[in-house]
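To start, the structure under review is shown below, and the notes come after it.
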Amino acid sequence: MTEKEFLEKRTPIWLEGDDLHISTPSNMDKNDMHVFLSKKYGYNWMFAIRGYYMPGSHVTLYIGDYECPNCTTLVAPYLFNYFPDIKYVGFGCNKGKIGEIWEPKIIIVRDMSCIDNDIFNKQTEKSI
């Protein structure tokens, strides 16, 4: 998948407040999340739990410079209920090159197993 295809397919999300309300920007703002969060809500995007939803596949969340937010086991069941079509929730990102899809640092699959990203990729390749 190219970077352009990724940006068109994914839906940016961020979590708000103590109740972990899931919010999304409008289509007009979805490619400028940092600007959108700062201008519209006054959030410092470095401290916002943000990420994206990839329909039929997964949700990835991160904070700051693509680090794992301190809410992984608390928020995963909520995300599986909110997005019933996802297979896993990723937390944090292993930074790659611009134009590549960055892999999550932690992956929790629907049955709440927490597995190493390399193991997940091998299992996924076998099931394809």
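Between region 47-67 and region 75-95, the alpha-carbon centres lie 8 Å apart. Amide H contacts for Glu103 (H built 1.01 Å from N in the peptide plane; partners 5 or more residues away or on another chain; cut-off under 5 Å): Asn94.
No lab work stands behind these numbers, since they all come straight from the coordinates. Only a predicted model underlies this, so the values are computations on that prediction, with no experimental measurement involved.
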